[in-house]
Amino acid sequence: MSIYEQVLGFIESPGAESFEALALDVFRFQFANVPVYRAYCQSRNANPENVRRLANIPYASTLAFKYADVANISDDAAAGLTFLTSGTTKGFAERGRHRVPKPEIYRAAAIAHLRRMLFPDDARIAMLAMHPTADRMPESSLSRMIGWCIEEFGAGAVECVASRQGVDAARAAVFLAETAARDEPVCILGTTASFAALFEHLRANGPRIRLAAGSRIMDTGGAKGQIIPLGAEAVVASAGQLLGVAPALAINEYGMTELCSQLYDATPFNCAGAAGTPGARMKLAPPWMRPVALDPAIMSPAAPGAAGMLAFFDLANAGSISALMTEDFGIVQGDAVAILGRAAASGARGCALAIDEFAERELARVAADRR
């Protein structure tokens, strides 16, 4: 059985007792087949012979995808999907790339955790996408995930009101008013910026819409284009005031192009005993992902309950790098994560060193290719 088949099997039927063994197998596979990650591990004296526990696997920065070619040489370079990261990088004109050789693993991970966190009631309902779907933005991992969500959980009216140029808030309002008139529950999928546009339109053009019971939103974050960015609490409050969405069904997602798995708010809707107050919410990682908070100076786990740089071992990333450190600060309690915000670059010396190593290695590779 291939490593990809093992990972897919774990996602479909998670077993906590076998996670570490599979994670070590994934590490060995990536060490052998992802040259830039192998070189990074060797610089830390980490190899399959001396890495015997999950805690010993080196975490690479997510910025590696912008500074280096994170290619898995065991896969056909033309196969699978390639997603582009947002923005540009210092010293490099192109956006970062995350090559996903086995999209079926990404899809399985996305759908399984969506079912747990956004559709625990097994609902199939109307869908409104306020972010471009994959046919409109194929290089976006979020677009792909939204499309899969619609395929799996959509029923009845379905519409996408977004393009590369922005979101059509007026059309979104019409769609929502129509579903409300039919007493048809709806799931709204969008970035924080798209929700801000919708809320602004509703306030300016009222009246307020009262969506059917069971309606829900997935706020994927992202404040680009907003003069005053909305916080997660403001999104929940506005969704209740302007759309009648119950607070427990207004759920914030945490994800990124570099990871094939996502985390979602734990609320009373999807997690018994979870905090109902948006500001007190933790986000839950799926069973095939292990979160950890790292001390940014030494790149080792922070003290229990202490804040640190958030890092994840994501089995769904089997085709690239599974052990990744983000640019975000947070607190980890088991599979629950409190996101505290972006880390200050000046205080993240360990992270900066990791990025520098990838950048230097990529520059050397480019120079060698030109000779």
Those residues of the range 180-205 which are touching a residue at least 40 places away in the same chain (Cβ under 8 Å) and among the polar types (S, T, N, Q), in sequence order:
THR191, THR192, SER194
Working carefully through the options GLY305, GLY319, GLY330, GLY334, find the one that is assigned by TED's automatic domain parsing to the domain that holds PRO35 and free of Cβ contacts under 8 Å to residues at least 24 places away in the same chain.
GLY334
Of all residues in the range 1-44 being more than 18 Å from ALA68 (Cα to Cα) and small (Gly, Ala, Ser), the one that is surrounded by the most Cβ atoms within 10 Å (Cβ to Cβ):
ALA23
Search the range 87-107 for residues being part of a loop (DSSP other than H, G, I, E, B) and modelled with pLDDT of 75 or more, and hand back the single one that is surrounded by the fewest Cβ atoms within 10 Å (Cβ to Cβ).
ARG95
Filter the range 1-25 down to residues that are touching a residue at least 60 places away in the same chain (Cβ under 8 Å) and either in a loop (DSSP other than H, G, I, E, B) or under 17 Å from PRO286 (Cα atoms) (or both), then give me how many there are.
10
Against the condition under 28 Å from LEU63 (Cα atoms), at pLDDT below 95 and either buried (at least 16 other Cβ atoms within 10 Å of the Cβ) or out of contact with any Ser or Thr (no Cβ under 6 Å at 6 or more places or on another chain) (or both), how does GLY166 come out, does it pass?
yes
Tell me yes or no: at least one residue of the range 301-321 is among the polar types (S, T, N, Q), over 13 Å from ALA23 (Cβ atoms) and either buried (at least 21 other Cβ atoms within 10 Å of the Cβ) or in contact with a Cys (Cβ under 9 Å, 6 or more places away or on another chain) (or both).
yes
Among GLU159, GLU184, GLU152, GLU233, which is in a loop (DSSP other than H, G, I, E, B) and surrounded by 14 or more Cβ atoms within 10 Å (Cβ to Cβ)?
GLU184
Tell me which residues, restricted to the range 74-86, are buried (at least 16 other Cβ atoms within 10 Å of the Cβ) and assigned to a loop (DSSP other than H, G, I, E, B).
ASP75, GLY80, THR85
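Yes/no matrix, rows are residues, columns are (1) part of a loop (DSSP other than H, G, I, E, B); (2) assigned by TED's automatic domain parsing to the domain that holds ALA248:
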site	(1), (2)
PHE65	no, no
ASN72	yes, no
LEU114	no, yes
LEU128	no, yes
ASP135	yes, yes
Residue check: is ALA110 assigned by TED's automatic domain parsing to the domain that holds GLY190, assigned to a strand (DSSP E or B) and either over 17 Å from the mean Cα position of the chain (by Cα) or within 30 Å of ALA177 (Cβ to Cβ) (or both)?
no
Can you tell me which residues in the range 262-286 are touching a helix residue (DSSP H, G or I) at 6+ places or on another chain (Cβ under 7 Å) and assigned to a loop (DSSP other than H, G, I, E, B)?
GLN262, THR267, PRO268, PHE269, ASN270, GLY276, PRO286
So, in the range 162-179, how many residues would count as being without any contact (Cβ under 8 Å) to a residue 40 or more places away in the chain and part of a helix (DSSP H, G or I)?
7
Can we say PRO120 is assigned by TED's automatic domain parsing to the domain that holds GLY255, modelled with pLDDT of 95 or more, crowded, with 19+ Cβ neighbours inside 10 Å and not in a strand (DSSP E or B)?
no
Within the range 33-69, can you find the residues that are farther than 23 Å from PHE83 by Cα and without any contact (Cβ under 8 Å) to a residue 24 or more places away in the chain?
CYS41, GLN42, ARG44, ASN45, ALA46, ASN47, PRO48, GLU49, ASN50, ASN56
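The values are calculated or read from the model by the stated rules, or taken from the named source; none is laboratory data. These numbers were taken from a predicted model, which means no experiment stands behind them. Every residue, glycine among them, receives a Cβ derived from its backbone with ideal geometry; neighbour counts consider all protein chains shown.
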